[in-house]
Amino acid sequence: MKKRICTCLLALLAVLLLTVPAMAEQTPGDTFIYDTEGMLTDSQWAALEEEADRISWQYDCAVYIVTIRDYGEYAGDVYEAAYTIYNGQDFGIGGERSGVLLLMSTWDRSYALYVRDGYAKSMVGNYAQTVLEDSFLGYFGDDDWYGGFNAYLATCEEMFQQAADGHPVLPSLSRPHRATPSESL
C-alpha cells in the first residue's frame, strides 16, 4: 500500500512537472534534466544537471533531457511529443528560446531529438542530429542511460563549440570524379 501511494505521488509530480507551463524564459538555476521515470540515481542526475546547466549558459543554447513513460500521453508520435513538451514548457534560452531536447519514452524505448529553429538549428542541423544520435544510441542499446545522456551532453558541447569556431558539423562534400580525356576513350 505504501509503495502504491509513493508511486501515485511520483506520477502526480511527473505530470505537474511536465504540464505546468513556465511563466518566464529559462534562467540560471532552472532545471534541464527531467527524469520522471527514475532512470538515473540522484548523483547521476545531479552530475548531468550540473553539466547541462554549464553547457546551456556557456553557449546560450539550452540542452534538455526528459524521460517520460509514454509519449502517447502527449502526442501521436515521439517527435511530436518532444515538440509539444519543449514548446508547452516554454523551454529555451533567449528570445528565440534556443535549445535541444532529447526525449526518452520508456514504454517502448522510443526517443526523439527536437532542435528549436534559429540559433540552435544553426549549431545542430539535420546532419548533425544524426551524428548526435550516434553518440548515445549505443549506450541506450546496452541500457546505460547515464552513459547515453552523458554522451548526448558531451556531443552537444562539441557541436556548439565547433559552430562557435565557425565550423558547424556538416556532411563532407566529396567531389565527383571527372574523367580526364584519356580515361573517356
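Apart from one condition, Ala81 fits all of (1) in a helix (DSSP H, G or I); (2) within 18 Å of Phe140 (Cα to Cα); the exception is (2). Using the structure shown, decide if Ser43 is of a type in the set (S, T, N, Q), open to solvent by 80 Å² or more (accessible area, probe 1.4 Å), modelled with pLDDT of 95 or more and not in a loop (DSSP other than H, G, I, E, B). Considered against the rule, which asks whether it is of a type in the set (S, T, N, Q), open to solvent by 80 Å² or more (accessible area, probe 1.4 Å), modelled with pLDDT of 95 or more and not in a loop (DSSP other than H, G, I, E, B), Ser43 comes out as yes. Can we say Tyr119 is under 19 Å from Ile55 (Cα atoms) and touching a Leu at 6+ places or on another chain (Cβ under 6 Å)? For Tyr119, the condition - under 19 Å from Ile55 (Cα atoms) and touching a Leu at 6+ places or on another chain (Cβ under 6 Å) - is not met. Only a single criterion out of (1) open to solvent by less than 10 Å² (accessible area, probe 1.4 Å); (2) polar (S, T, N, Q); (3) part of a helix (DSSP H, G or I); (4) more than 24 Å from Asp165 (Cβ to Cβ) is not satisfied by Thr67, namely (3).
So is Tyr146 open to solvent by 40 Å² or more (accessible area, probe 1.4 Å) and either in contact with a strand residue (DSSP E or B) (Cβ under 9 Å, 6 or more places away or on another chain) or at pLDDT 95 or above (or both) or not? Yes, satisfied. Criterion applied to Tyr127, Tyr119 was being open to solvent by 60 Å² or more (accessible area, probe 1.4 Å) and closer than 12 Å to Cys61 by Cβ, and the one residue passing it is Tyr119.
Here's a check for you: in the stretch 91-115, which residue that is aromatic (Phe, Trp, Tyr) and over 8 Å from the mean Cα position of the chain (by Cα) is surrounded by the fewest Cβ atoms within 10 Å (Cβ to Cβ)? Out of the qualifying residues, it is Trp107. Checked against the criterion of being in a helix (DSSP H, G or I) and of a type in the set (A, V, I, L, M, F, W, C), the stretch 107-118 has no qualifying residue.
The values are calculated or read from the model by the stated rules, or taken from the named source; none is laboratory data. Because the structure is predicted, anything quoted here is derived from the model rather than measured. All Cβ positions, glycine included, derive from the backbone under ideal geometry; neighbour counts span all protein chains shown. Keep in mind that these areas ignore ligands, DNA and RNA; they rest on the heavy atoms of the full protein, side chains included. Shrake-Rupley method; radii C 1.70, N 1.55, O 1.52, S 1.80 Å.
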